[in-house]
Amino acid sequence: MHPYSHLPDRHFWRRFVSDSTWRELPFMDLPKFTLRTEDRMATAGSCFAQHITRYMKKVGLQPYIAEAAHPFVQTTQPDLADSYGVFSARYGNVYTARQCLELLRQAAGTMPVVEDYAEHEGRCYDLLRPSVPKNGFASLSEARGDRAWHLSCVRRLFETVDVFVFTLGLTEAWQNLQGGHTYPVCPGTVRGHHDPAQHRFQNFSFAEVATDLEALVAESRVLNPALKLIFTVSPVPLVATKSEDNVLVASAHSKAVLRAAVGELAARHDFVQYFPSFEIISQPGSFGQYLASDLREVTDRGVGHVMSCFLDAFYPQLRAGSALQQALPSTALGAALSAPREKAPPPECEEVFNHQSGSAPA
């Protein structure tokens, strides 16, 4: 007899992985907590995180929206109404732990509000949200006013939400040397102008990511002591790297750092859960079946597998045979995720501008 003698099948590769089909593996059979359909769930993160909101709606769940467009804007200024509803607030893509932490601190008032804008053809762009809105603001005062409103919505989000889901995408980032703040993308790609004397490349280490995540958890629960957090790691590789490694090696390093940091964080807290979207798509056992022809983008079929596992793990009311599923056959989990799907629009992702040559509009 030894410590492995009586462990269940889930602890052994051959019994759990080799003897099962990939689609039938119970990736999340023992979550630390489950959610009710009425719980308020907020989402943030990289491009891959945009799928969560879309799939929640498909099964009849309403993702929590803390920042919605005013009806006047929707009807009279549709160019300003874009990017609402993609996430729970209008922050655009949040790729790194540091970017998310700085967003929280600005919203909570523990960090000065960042003033970093660029002008192009008479329009003003917020470089912390370079695609929000896509056509920018009419003036600097309008951009500042929208940022103040946005941060108040983010604070309300953290104060009132039941669970916050954050998908980490990158360790690589760009920072402002003078202000110290972190950008979602390198200035000069989407908007603005790249200045080597003002902008520096930063590839966050494991220690830095782990510290930032711990601070994010602690400081968010100051605003909301009952908050639960779910972390995932995007399975989408880097589109480009500024490190000295090639993009394949750099991607492996980035995802390994993020996965390890989140794993240690989740192990320390009962109210923090890791969800394995990265493993579902990227493990060799998937045989690459969920990757598009560029070997980077995740197909709708792969996203469907991830989200069926996510919803099945955290929402037991949606599982087959449940009272809720029987009462809502048109939006039940199995029906919604197995039905023929229209091709979904690709997620909005500023990182793709790193691939393009030349400069963005200043």
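The values are calculated or read from the model by the stated rules, or taken from the named source; none is laboratory data. All of these numbers come straight from a predicted model, not from anything done at the bench. In this analysis, Cβ positions are derived from the backbone assuming ideal geometry, glycine residues included, and neighbour counts consider all displayed protein chains.
The table for this structure:
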{"quantity": "Residues of segment 1-38 satisfying the condition of being more than 30 Å from residue 60 (Cα to Cα) and of a type in the set (Val, Ile, Thr)", "calculated": "17"}
{"quantity": "Selected residue (criterion: nearest to the chain's Cα centre (by Cα)) from residues of segment 187-214 that are in a loop (DSSP other than H, G, I, E, B) and of a type in the set (A, V, I, L, M)", "calculated": "190"}
{"quantity": "Counted residues, segment 155-176 - those being surrounded by fewer than 19 Cβ atoms within 10 Å (Cβ to Cβ) and among the β-branched types (Val, Ile, Thr)", "calculated": "1"}
{"quantity": "Condition met for residue 160 (polar (S, T, N, Q) and over 21 Å from residue 259 (Cβ atoms))", "calculated": "yes"}
{"quantity": "Residues of segment 194-218 that turn out to be surrounded by 14 or more Cβ atoms within 10 Å (Cβ to Cβ) and either closer than 19 Å to residue 106 by Cβ or in contact (Cβ under 8 Å) with a residue 40 or more places away in the chain (or both), as a count", "calculated": "15"}
{"quantity": "Segment 259-287 residues that are at positive phi, paired with ones that are surrounded by fewer than 22 Cβ atoms within 10 Å (Cβ to Cβ) and in a loop (DSSP other than H, G, I, E, B) (beta carbon under 8 Å, 6 or more apart)", "calculated": "none"}
{"quantity": "Filter result for residue 184 (of a type outside the set (Lys, Arg), within 21 Å of the chain's Cα centre (by Cα) and at pLDDT 95 or above)", "calculated": "yes"}
{"quantity": "Qualifying residue in segment 110-124 (condition: under 27 Å from residue 258 (Cα atoms), of a type outside the set (Val, Ile, Thr), buried (at least 16 other Cβ atoms within 10 Å of the Cβ) and under 24 Å from the mean Cα position of the chain (by Cα))", "calculated": "no"}
{"quantity": "Any hit, segment 7-26, residues being in a loop (DSSP other than H, G, I, E, B), among the acidic types (Asp, Glu) and surrounded by fewer than 15 Cβ atoms within 10 Å (Cβ to Cβ)", "calculated": "yes"}
{"quantity": "Qualifying residues in segment 29-60 (those that are of a type in the set (A, V, I, L, M) and modelled with pLDDT of 90 or more) - the one farthest from residue 317 (Cα to Cα)", "calculated": "44"}
{"quantity": "Hits in segment 248-288 - residues which are surrounded by fewer than 13 Cβ atoms within 10 Å (Cβ to Cβ) and in a loop (DSSP other than H, G, I, E, B)", "calculated": "270, 287, 288"}
{"quantity": "Output for segment 40-57, where each listed residue is within 9 Å of the chain's Cα centre (by Cα) and part of a strand (DSSP E or B)", "calculated": "43, 44, 45"}
{"quantity": "Every pair of residues 6+ apart whose Cβ atoms lie under 6 Å, when the first sits in segment 1-16 and is under 17 Å from residue 27 (Cβ atoms) while the second is outside any loop (DSSP other than H, G, I, E, B) and of a type in the set (A, V, I, L, M, F, W, C)", "calculated": "9/16; 10/16"}
{"quantity": "Selection count, segment 161-186, where residues are acidic (Asp, Glu) and not in a strand (DSSP E or B)", "calculated": "1"}
